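Encoded as structure tokens, the structure appears first; notes follow it.
The values are calculated or read from the model by the stated rules, or taken from the named source; none is laboratory data. Predicted model only: the values in this text are computed from it and were never measured. In this analysis, Cβ positions are derived from the backbone assuming ideal geometry, glycine residues included, and neighbour counts consider all displayed protein chains.
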Amino acid sequence: MGAIFSPVTVALLVGAAVFALVMSLRPKRLPRAVEGRLEAFLTREVVYPELPAAEVGEVRGSFLERIVVPAIRRGINALGRIAPSTQAEEVRRKLMVAGRPGNLSPADFMGIQLLLAIAGLALGYLYGRGLGANPRMLLLGPLAGAALGYMLPNFWLSSRMRRRQEAIQRALPDALDMLTICVEAGLAFESALKRVSEQWQGPLSDEFARLVNEMRLGVPRDQALRRFADRCGTPDVASFVAVLIQADRMGTSIGQVLHSQAAQMRTLRRQRAEEKANKAPIKVLVAMLLFIFPALFVVILGPAVPRIVETFSNVTLGGR
């Protein structure tokens with residue numbers, strides 16, 4: 001009877017139940033929207049331009065990349081579709097700000113969250129069983145494992161967002177200087193963006209290239225600029241886009257706007273550097289209190305500890 005309800009059997013039954021639930025709730029495949037097709041067109045990688053898009057996937061990649069990975073991804077996507085739909089928009093925004101790592105969709109990300117939560121639940125249960133038949137551990141172990149597995153993708157995505165936003169924020173003043181030079185040299189705004197995206201490497205240049213592609217595909221300039229600000233997700237880019245849209249509507253010279261914005265962004269970057277420099281002594285003090293001072297105390301007071309202990313022990317014995 002104990003072998004029937006072993007941890008491995010319970011894990012297999014839970015996995016089979018989850019798989020059956022996913023297959024039963026899986027919706028029918030809907031046709032892709034126009035915005036989705038535009039997204040795929042803007043982010044695609046042209047490796048074999050002489051072949052149709054359908055044949056590119058058949059030529060490129062190994063069997064693992066062409067068959068196994070898409071099958072696993074379809075399963076994760078189907079698992080993510082059972083998650084609450086209210087989270088999809090927030091996850092989509094975070095993925096967009098993070099630069100669409102791994103070309104993940106909101107359903108893919110939520111599927112990974114649920115998959116890791118199920119794995120954490122099973123591992124927590126096995127860990128609780130390994131510690132004994134304590135009912136508290138049998139309850140807290142699976143809950144802690146599921147919570148940790150569910151939150152790990154969020155931590156990873158937040159880290160990707162923060163690194164990308166910092167890279168865009170650091171590169172923006174120099175990029176605006178290059179834009180100003182190109183515009184004052186006689187190039188149009190779109191041509192200047194294209195030139196900067198070709199001469200620059202980083203997340204900001206990628207967003208410039210995508211902005212140019214959207215405007216060339218017929219997206220209005222103000223709408224393309226707003227989408228550019230949403231993808232970057234930084235206050236500096238949002239402020240720059242707002243000023244640029246206002247200047248475009250009022251007929252102000254783009255060169256003057258870019259020149260003033262570049263000067264303002266350089267000032268902000270210098271202020272941020274000064275702020276970090278002012279915070280450095282406090283961070284160094286915390287590191288000294290936690291790591292350096294204890295080692296100094298051990299080195300300085302270590303040889304005197306045996307004598308202090310011996311002195312106090314002699315005083316205690318003499319008092320008796």
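Part of a helix (DSSP H, G or I), within 14 Å of residue 172 (Cβ to Cβ) and of a type outside the set (Phe, Trp, Tyr): does that describe residue 229? Yes: the conditions hold for residue 229.
Looking across 289, 301, one residue alone is surrounded by 10 or more Cβ atoms within 10 Å (Cβ to Cβ), touching a helix residue (DSSP H, G or I) at 6+ places or on another chain (Cβ under 9 Å) and over 30 Å from residue 172 (Cβ atoms). It is 301.
As a summary of the residue check, residue 189 satisfies the conditions (1) modelled with pLDDT of 90 or more; (2) outside the structural domain of residue 102 (by TED's automatic domain parsing) except for the one numbered (1).
Does residue 146 qualify as being modelled with pLDDT under 90 and over 29 Å from residue 123 (Cα atoms)? When the stated conditions are applied, residue 146 does not pass them.
For segment 159-178, the count of residues that are of a type in the set (Gly, Ala, Ser), at negative phi and assigned to a loop (DSSP other than H, G, I, E, B) is zero.
The condition of being out of contact with any Leu (no Cβ under 8 Å at 6 or more places or on another chain) and farther than 19 Å from residue 96 by Cβ holds for residue 190. Within segment 243-269, how many residues turn out to be within 19 Å of residue 205 (Cα to Cα) and loosely packed, with under 15 Cβ neighbours inside 10 Å? Counting residues in segment 243-269 that are within 19 Å of residue 205 (Cα to Cα) and loosely packed, with under 15 Cβ neighbours inside 10 Å gives 0. In summary, residue 204 fulfils each of the numbered conditions (1) surrounded by 14 or more Cβ atoms within 10 Å (Cβ to Cβ); (2) within 28 Å of residue 115 (Cβ to Cβ) with the single exception of condition (2). Considering segment 133-178, the residues that are over 28 Å from residue 119 (Cβ atoms), among the charged types (D, E, K, R) and in contact (Cβ under 8 Å) with a residue 60 or more places away in the chain include one that is surrounded by the most Cβ atoms within 10 Å (Cβ to Cβ), namely 177. Counting just the residues of segment 92-140 that are assigned to a helix (DSSP H, G or I) and polar (S, T, N, Q), which one comes out modelled with the highest pLDDT? Looking at the filtered set, the residue picked out is 113. Annotation: residue 83 fulfils all but one of (1) surrounded by 11 or more Cβ atoms within 10 Å (Cβ to Cβ); (2) modelled with pLDDT of 70 or more; (3) within 30 Å of residue 162 (Cβ to Cβ); the unmet one is (2).
Could you list, in sequence order, all residues of segment 228-237 that are of a type outside the set (Val, Ile, Thr) and buried (at least 16 other Cβ atoms within 10 Å of the Cβ)?
First, pick out the residues of segment 228-237 that are of a type outside the set (Val, Ile, Thr): 228-233, 235-236.
Scanning segment 228-237 gives 228, 229, 231, 232, 233, 236.
Residue count for segment 193-206 satisfying the condition of being part of a helix (DSSP H, G or I) and touching a helix residue (DSSP H, G or I) at 6+ places or on another chain (Cβ under 6 Å): 8. Listed conditions (1) of a type outside the set (A, V, I, L, M); (2) surrounded by fewer than 19 Cβ atoms within 10 Å (Cβ to Cβ); (3) in contact with a helix residue (DSSP H, G or I) (Cβ under 9 Å, 6 or more places away or on another chain); (4) within 28 Å of residue 229 (Cα to Cα) are all met by residue 129, apart from (4).
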